[in-house]
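Input: a single structure, listed below in structure tokens.
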Amino acid sequence: MAELSGGIRFIKGIGEQRAKLLARLGICTLRDLISYFPRDYQDRTIIKKVLDVKDGESVCISALVLNSPRAARIRKGMELLKFRAADDTGAVNITYFNSTYLKDKFKVGEEYVFFGKFTRKPGGVPELINPEFEPAESAAAGTRRIVPVYRLTAGISGKVLYSAILQGLDSVGDPFPEVLPESVRTECGLAHAAYAYRQIHAPSDAVELAIARRRLVFEELFVLSCAFGSMKKRHRESTGSVMKSADPAGFYKSLPFELTNAQKRAAERMMKDMSSGHAMNRLLQGDVGSGKTAVAAQCIWYAHLSGYQSAFMAPTEILAEQHYKTFSSLLAPFGIKVVLLTGSLGAKAKREALQMLESGEADLAVGTHAIISEGVRFKNLALAVTDEQHRFGVRQRASLSEKGDRPHVLVMSATPIPRTLALIIYGDMDVSILDELPPGRRKVETYAVDESMRPRIERFTRKLVGQGRQVFIVCPMIEESEEDSGTAAAVEYAERLRQDIFPDLSVALLHGKMKAADKERIMTSFAMGEINILVSTTVVEVGVDVPNAALMIVENAERFGLSQLHQLRGRVGRGSHQSYCVLMCGTGDAEANARLKVMCSTNDGFKIAEEDLKLRGPGDFFGERQHGLPEMRLADLSCDMDTLSLAQEQAEKLLISDPTLIKPEHALLRERVEELSETALN
Ligand code: ADP
Ligand code: MG
């Protein structure tokens, strides 16, 4: 019996040459070979009528041979065998090349099942070239099955590969090595390895194939989850900054509001991380408005109790300034000194800030990426927080950490990603989720409308402004290739609103190309209620807090992803007023409209993310992070999410009972996990 980890040269038909070719497909060991799963299947269990066959389709027909096959030599070394066959709906021309030995195989008047790719010119008789065939009577055993299709490479035919795989399966010892712990396998109702590996390559029918696939997808995701789980443990660095334990009640009492349970749970978990002796490495995910800032504030407060400094990095100057004010007021009761660091800071102010950080006089630096520039030095940075982490590269976040000695790391994201997916994308991080909004928030009423509604929307805008509310209007970039045109469109649009539509209201414009000081002036003025309508490109996408804003209008909403629209919508509904979001749809595109409908039906960012995942696949989420995610052999994250959560649950449970997978019954699993950690995940 062959070892799964051994080579494949023992297989009949696999010599040195082919072994080399197979290595190109990543097949080196016996396990590689039997894990080389089909990329697709041809369902030959279904027999089509000739009439229904389409051009280019690969299907089975069952047809009577009408005339005896004629052989013709068209040139030296090229012989044809031609005949015609038909079912009760039509005829088909069949041609074999260089196969005259088949001449006597076909009897006129007898029925055969043919499988092949059809060509069909309009009005012509369909053609089949070199189809596989079998007498109709015996077909049940032969061609009439589900046939696997493999990704191939030059020099390796499907036949050679398939034969090798089947031999490989036969050579695996009995009992078939089982990677899944027996308790996991039975608890989750998963098939045995032997059955699954056989059925995935040679399925008896669609049901058995599905059973096999589920088990193998689980296996793949389970091993991956175990690998991430143990990697997290291993990478857990010790830290010099161990916080002394403290009662959070003192912090809670100082706040102007009562934290939600989700906020408390997350913050107390982080306090535990920071007192553990290991460096915290945690992602805090929470929908817009879920109150991530207060959680960060609690961590900063906690670090300060033990005499440590913190840094908080935000993606834009506007946000940095807003956070600077928030932290200054939240943390003032504890004598925590905050400094602001942004690119547009004057030379003198900057010098002062730098000096205060280096001397330890300042306890918290809030800023843009200016914080990671070279001249910035901390006395004892122990907590590095990055807000809206997707706006920063991995490198930038790492630079922030390098300002301290293995500081605790907290990254915050308002882009909800389904938890299961987050555990894969952020495999090396612990994940906390704020799944609860502060009380008193009303649902933002959302409408997807087209041009015909514009006059009504304008009247509605006027009405809200009349009630003292404020309005955001967001224009997308018109042409992605022309960097300025989004700005230009917004400029023009704002001008039109100002002159023609709302000449009596105060309309202002905010775009990314403006000077920081001008942006700041306009944001301040908007926040103070001096501006009724703020037209902007997506610079307001993140974080800005104006509780009096009650209407968000998004132009050409179909150009935005759902998650981005959700972010934009989060700019309103932050105060006590009923708020609205109007998605102006520029096209009649049904798919775009269906997407926008999702926005109207729910305000839950995690639901929207899951919908985005179903509609557009996981690509968008993975774009968030340049992650060397191992290539999946079988699992497809846009449809295997349920299996993924099951696998993660089971992996977590297993790692609690056997953290290093040292138990003998987990030996095989440990081997696979180590292999994965060494190759794919590093
Ligand atoms: P985000 O998670 O989007 O960063 P913020 O931290 O900016 O959210 O919080 C949004 C708003 O909600 C802020 O005005 C903040 O003061 C307020 N807030 C946060 N937590 C609570 C709470 N538990 N109760 C009431 N208001 C809260
Ligand atoms: Mg925020």
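The values are calculated or read from the model by the stated rules, or taken from the named source; none is laboratory data. Keep in mind the model is a prediction, meaning the values are calculated, not measured. Cβ placement follows ideal geometry from the backbone for every residue including glycine, while neighbour counts extend to all protein chains displayed.
Look at Ser230 and say whether it is over 30 Å from Ile608 (Cβ atoms), among the small types (Gly, Ala, Ser) and either within 10 Å of ligand 1 (Cβ to nearest atom) or within 24 Å of the chain's Cα centre (by Cα) (or both). So Ser230 fits the description; yes. Among the residues of the range 366-412, those that are acidic (Asp, Glu) and within 16 Å of ligand 1 (Cβ to nearest atom) comprise Asp387, Glu388. So is Ala266 assigned by TED's automatic domain parsing to the domain that holds Gln389 and in contact with a His (Cβ under 7 Å, 6 or more places away or on another chain) or not? Taking the combined requirement at face value, the residue does not satisfy it. If you check Phe222, Phe257, Phe251 for being within 16 Å of ligand 2 (Cβ to nearest atom) and either in contact with a helix residue (DSSP H, G or I) (Cβ under 7 Å, 6 or more places away or on another chain) or in the same structural domain as Ala414 (by TED's automatic domain parsing) (or both), only one passes: Phe257. Given the condition under 30 Å from Phe83 (Cβ atoms), touching a strand residue (DSSP E or B) at 6+ places or on another chain (Cβ under 7 Å) and either in the same structural domain as Leu64 (by TED's automatic domain parsing) or part of a strand (DSSP E or B) (or both), answer yes or no: does some residue in the range 149-162 qualify? Checked the range 149-162: at least one residue is under 30 Å from Phe83 (Cβ atoms), touching a strand residue (DSSP E or B) at 6+ places or on another chain (Cβ under 7 Å) and either in the same structural domain as Leu64 (by TED's automatic domain parsing) or part of a strand (DSSP E or B) (or both).
Every residue, every condition in (1) within 25 Å of Val295 (Cβ to Cβ); (2) assigned by TED's automatic domain parsing to the domain that holds Asp518; (3) at pLDDT 95 or above; (4) over 36 Å from the mean Cα position of the chain (by Cα), yes or no:
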{"position": "Ala314", "(1), (2), (3), (4)": "yes, no, no, no"}
{"position": "Ser344", "(1), (2), (3), (4)": "no, no, no, no"}
{"position": "Ala349", "(1), (2), (3), (4)": "no, no, no, yes"}
{"position": "Ser359", "(1), (2), (3), (4)": "no, no, yes, yes"}
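Taking the range 192-207 as the range and being modelled with pLDDT under 95 and among the hydroxyl-bearing types (Ser, Thr, Tyr) as the test, only Ser204 passes. Within the set Ser225, Ser245, the sole residue that is among the small types (Gly, Ala, Ser), at pLDDT 90 or above and assigned to a loop (DSSP other than H, G, I, E, B) turns out to be Ser245. Here the condition is being closer than 26 Å to Phe526 by Cβ, assigned by TED's automatic domain parsing to the domain that holds Ser254, touching a residue at least 12 places away in the same chain (Cβ under 8 Å) and more than 12 Å from ligand 2 (Cβ to nearest atom); of Tyr324, Tyr302, it holds for Tyr324 alone.
Tallying residues that are modelled with pLDDT of 90 or more, of a type in the set (Lys, Arg) and within 16 Å of ligand 2 (Cβ to nearest atom) within the range 366-404 yields 0.
Residues of the range 22-48 that are exposed (fewer than 14 other Cβ atoms within 10 Å of the Cβ), closer than 28 Å to Ala206 by Cβ and charged (D, E, K, R): Arg39, Asp40.
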